[in-house]
Amino acid sequence: MFTHNQAIDLFKQVATKHKQINSMGVGGMDDLAVDVNLLYVGANENKVTFPLLWVVPNNFVIGDTMGAVPQISYDILILDQEYEDMSNEQEILSDTLLIMHDVYALLTDPKFRDHFILERKLNAKPINSTAFDEISVGWQATFTFNLRGERDRCAVPLDSAITITQTTSV
């Protein structure tokens with residue numbers, strides 16, 4: 001089954017290979033402001049360089065019906081630095097939306113179908129962050145991976161079978 005580590009690795013590859021993404025990090029929204037230099041990969045690993053791809057692990061869901069597909073989701077933020085006078089805000093929103101579209105397009109490549117299928121619908125919303133010394137602007141969207149593979153209890157590493165203990169009534 002496709003794992004969390006594999007998902008983070010895919011996002012790192014996208015960030016490293018995309019010519020407009022300069023930094024990438026993983027963590028909660030609060031982590032954007034805490035020890036931020038330790039969380040990034042990119043052209044300059046000691047400092048955030050924009051545009052930034054930020055990955056926030058969101059949730060893991062196993063459906064409520066038999067045969068339901070497990071899903072794992074991540075909130076993806078694409079941010080760039082805004083000028084103090086905000087004169088570049090619309091340009092940033094335009095550029096970072098295109099980058100978000102690129103990330104989505106790369107992860108919907110059919111070569112990944114043996115591992116996951118990304119949800120077809122992606123809703124992105126504009127976001128402002130003051131986590132850095134500068135204001136950053138961009139887009140946030142939730143990427144939901146429908147995972148391939150069955151729930152295989154035979155593959156669970158157990159010492160012995162799990163059973164229900166019979167109780168006696170008094």
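Any read-out appearing in this document is the output of simple, stated calculations on the displayed coordinates, not a laboratory observation. Remember, predicted model here, so these are calculated numbers, not experimental data. All Cβ positions, even for glycine, are placed from backbone atoms using ideal geometry, and neighbour counts span all protein chains on display.
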Checklist entry - Hey, can you rank 3-12, 93-102 by average C-beta count inside 10 Å, highest first? => result 93-102, 3-12
Checklist entry - What is the gain in length, in nm to one decimal, between T142 and Q13 on full extension, counting 0.36 nm per residue of separation less the C-alpha to C-alpha distance? => result 44.6 nm
Checklist entry - What list of ³J(HN,Hα) values in whole Hz, one per residue of segment 20-25 in order, does the Karplus curve 6.51 cos²θ - 1.76 cosθ + 1.60 (θ = phi - 60°) give from phi, with Gly and Pro shown as x? => result 10, 9, 9, 9, 8, x
Checklist entry - Can you give the three extents of the C-alpha atoms in segment 67-170 along their principal axes, from longest to shortest, in whole Å? => result 76, 40, 23
Checklist entry - Computed FRET efficiency, Cβ-Cβ of S169 and N59, R0 30 Å: what is it to the nearest 0.05? => result 0.15
Item to check | Mean Cβ count within 10 Å, highest first, over the residues of peptides 138-146, 112-120, 24-32 | outcome: 138-146, 24-32, 112-120
